[in-house]
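All remarks here apply to the structure that follows.
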Amino acid sequence: MREPRGRGAAPLVVDNLIDDRRTRIIVCCGSGGVGKTTIAAAVGLRAAERGRRVVVLTVDPAKRLAQSMGLTSLDNTPRLVAGIRQAGPGPAGYGGHADGAGSMHAMMLDMKRTFDEIVESHADPDRAAQILANPFYQSLSSSFAGTQEYMAMEKLGQLRRADEWDLIVVDTPPSRSALDFLDAPQRLGRFLDGRLLRLLVAPARLGGRTGLKMLNVGFGIVTGAITKIIGSQLLRDVQTFVSAMDTMFGGFRERAEYTYRLLRAPGTAFLVIAAPEHDALREASYFVERLERDGMPLAGLMVNRVHRSPAARLSAARSLAAAETLQGLDDGESTALGITALRLHAELMRQAESERRLARRFTLAHPLVPVAQVPAQPDDVHDLNGLRVIGASFAPDHPPG
Amino acid sequence: MHVSVRDTDWDGVRLHVVTGKGGTGKTTVAGALALALASNGRPVLLMEVEGRQGVAQLFDVPPLPYEERRVAVAPADDGRPGGDVYALAVDPQSALIEYLEMFYNLRQAGRALTKLGMVDFATTIAPGLSDLLLTGKAAEAARRKSRGGGSGGGSGSSGGGSGSSVGGGFVYGAVVMDAPPTGRISRFLNVSSEVSGLAKVGPIRGHADTVQNVIRSPQTAVHFVTLLEEMPVQETLDGITELREVGGGGIQAGGIFVNMMRDAELADRKSAGKVTLGSKARDTHALEMALKAVGLGDDADLAADLAGELADEARTARSQRAQRGQLVAAGQPCYELPLIKDGIDLAALYKLAQALREQGAA
């Protein structure tokens, strides 16, 4: 039973996206708990088995996901995933690419390690050691708000420059707000390059400039209050850090802007992931609006864990009525099984209908955004086959929700 | 002395911290818990700390300012009128200004700091400071006494409680915090180690110690919201372990709130001993007979399709039972909340609050 399609956009066909060699980066974003990481892994696997050389960059430390890819754990280095099936000719093949050189690597972002590497590659060994030992740097690199987002984008830039892969699939950090990864890198860059940081750590240098004299008096009081709050030791650490980092300053904002431009480039595609639930779809709406406003290349929305019935021809109402009729009959075993099955079916149909209603609401607000549905699985993903089952729904002939 | 009409699992707790993995419905459960606690007749403060305005959306009110505002009234219980639920959206900047004002009389300086972007700056370069300010506000609200009702450091924000003086003179019967997600919770609450990089002595240190005493006392409990799925369950178990490992005797783990439970149709029938799933062929055959009996026998594939649905449901139920077993083994009280199919509104919140009352969570 096909629903008549309104004026809405074409459905989102993920296979077309990953088969298009011009697609070089796929960013999976969405609010927490919608299955973003799993979708990223499934997209990566599907693409690899269709002939792409893929690296999946995840920020989720889920051990289970690593295990499902046959890795004991994920770390900051891309690891080759074994068991990738090569696309070949014949009915079993995807009819994909003749070279059949598909491969998949997976890695998990270690933000401290990534930050350390930037420092090590930009400063001479002595200075690098000095920076790495600085208490302020240690807190900045391990628990700073926005560092994870900054480093995820930094890593993305590195992977892109390495040019070993022709497709990078990125899973975005589980931020407070799903938009953080767009803003945080620039915020951190602005902060590190910021005048305020320099003013605070070196207020004395301002003295000579008459225009700033007035500010400087008030500034002393303010610095005093700040010192009271955060402690003079921390302020000193910041000062040492800033002078040690002087050579790298200016670089941070530049780098953040580089990745931001990379995200806007034509080879990038954003997939917004949502669960068929009110809150997740509302977040997805915000996200889609923001991406459009920033001119980011949005590929479409993926509604994950959608329930659908193979017996959709039997409506919830008819199913319940039949269960009721059965109840009036003798209490045999097949009758009991029938009642259970019919009630369960009615519940599934209702849930599917309610999910469709929510998805329709999104489409009404964003009629031009392509939408894909990913069916719910009876239980969690444990291996590559589990990821393959999800990936099967990326095909163009997959029945619509 | 306030005499409780009925016993609940968390009678001595004044600060309820609600955490959970993203997507588990943490804010909804925090809201329902606040309503349930307010049914005891005392005002309850529901705090959010992540700047998402989730509480305002939950109660369908305009975005909350930094001010305690009444957002709902709990239903009457046992003939007593329900207490009010107040809500507050705390942000580190406002909390810092309030802190400066309360302890240093530095309101003007606070304003100047804000104008220069310094507050933002201070909370940015010292990440532990934000968390301390947020947990500090929660601890302050939980211990706040009504005027004339005892000592205690008043409040900079207006509103706040109806001035009831029972229950030891506390303004709020309880404070519920919609806290950061499970992955960050123990670091968020472990203020002591968080500020170790900050002042080693002085007022901030003193403030941190006070807050820490509240959070590590039996007056505070950390509740976990989860679904019966592997990842949120694993995070819950890890979170409970981490709380216990926090230095100085740990932080009290509270209840486990299993959210969005679907009607376990099959599970119920199975436990009643009426339905046993066999092989798919056998089930299909039995279903064919049943469908024929109600005039649905014409559709040759229907029985097989329904048998497939039954088998999937059985798989889901099996995996959920396993998850449930793991949660129970953690040794904390478990509460179950039904899935609300058509979006959360006030009526749904009341229903969830009622479920929590019936299970003794509040």
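Coordinate-derived values only; no laboratory data. Note that the structure is a prediction, hence the values are computed from the model and not measured. Every residue, glycine as well, gets a Cβ built from its backbone with ideal geometry; the counts of neighbours run over all protein chains shown.
If R₀ is 41 angstrom, what is the calculated FRET efficiency for the pair B:His285 and A:Asn385, using the beta carbon separation as r and rounding to 0.05?
0.90
What's the magnitude of the charge dipole for the stretch B:219-362 around its Cα centre, counting Lys and Arg as +1 and Asp and Glu as -1 at the beta-carbon? Answer in Debye, nearest 20.
Result for the stretch B:219-362 is approximately 580 debye, rounded to the nearest 20.
Taking the highest mean first, how do the peptides B:355-362, A:69-76 order by number of other beta carbon atoms within 10 angstrom per residue?
B:355-362, A:69-76
Arrange the following residues from fewest to most other Cβ atoms within 10 Å of their Cβ: A:Met104, A:Met245.
The fewest-first ordering by Cβ neighbours comes to A:Met245, A:Met104.
Take the Cβ-Cβ distance between A:Arg357 and B:Lys145 as r, set R0 to 45 Å, and report the resulting FRET efficiency rounded to the nearest 0.05.
About 0.40, to the nearest 0.05.
Check A:Ile26: other-chain or 5+ apart residues with amide H under 5 Å from its amide H, H built from backbone geometry?
Long-range HN contacts for A:Ile26: A:Ile168, A:Val169, A:Val170, A:Ala269.
Just to check I understand the Karplus step: with θ = phi - 60° and J = 6.51 cos²θ - 1.76 cosθ + 1.60, what whole-Hz values come out for the stretch A:326-331, glycine and proline as x?
Rounded to whole hertz, the list is 4, 4, x, 8, 5, 8.
Through the Karplus equation 6.51 cos²θ - 1.76 cosθ + 1.60, θ set to phi - 60°, convert the phi angles of the stretch B:236-243 into ³J(HN,Hα) values in whole Hz; use x for Gly and Pro.
4, 4, 4, x, 4, 4, 4, 4
Suppose each label sits 7 Å from its Cα in the direction of the beta carbon; what would the A:Ala392-A:Arg21 distance come out to in nanometres?
3.0
Residues of B:299-306, mean number of Cβ from any other protein chain within 10 Å of their own Cβ, rounded to a whole number?
The shielding value for this peptide is 5.
Grab the Cα-Cα distance for B:Gln53 and B:Met261, subtract it from 0.36 nm times how many residues apart they are, and report the gain in nm with one decimal.
72.3 nm
For B:Phe257, which sequence-distant residues (separation of 5 or more, or a different chain) have an amide H within less than 5 Å of its own amide H, given hydrogens modelled in the peptide plane?
Answer set, sorted by chain and number: B:Phe224, B:Val225, B:Thr226, B:Tyr335.
Treat each spin label as a single point 7 Å out from the Cα along the C-beta direction, and report the B:Ala300 to B:Arg244 distance in nm.
Those two pseudo-labels are separated by 5.9 nm.
Could you pull out every residue, at least 5 positions away or on a different chain, whose amide H is within less than 5 Å of the one on A:Gly51? Hs are placed 1.01 Å off N in the peptide plane, and Pro or chain starts have none.
Here A:Ala87, A:Gly102 satisfy the definition.
Which three extents, in angstrom, do the Cα atoms of the stretch B:229-362 have along their principal axes, listed largest first?
Answer, in whole Å and largest first: 69, 34, 24 Å.
Given a Förster distance of 30 angstrom, what is the FRET efficiency for B:Ser217 paired with B:Tyr66, based on the Cβ-Cβ distance and rounded to 0.05?
0.70
Find the eigenvalues of the gyration tensor of the Cα atoms of the stretch A:259-298, then list the square roots of 5 times those eigenvalues as equivalent ellipsoid semi-axes, largest first, in whole angstrom.
Semi-axes (√(5λ), whole Å): 22, 10, 6.
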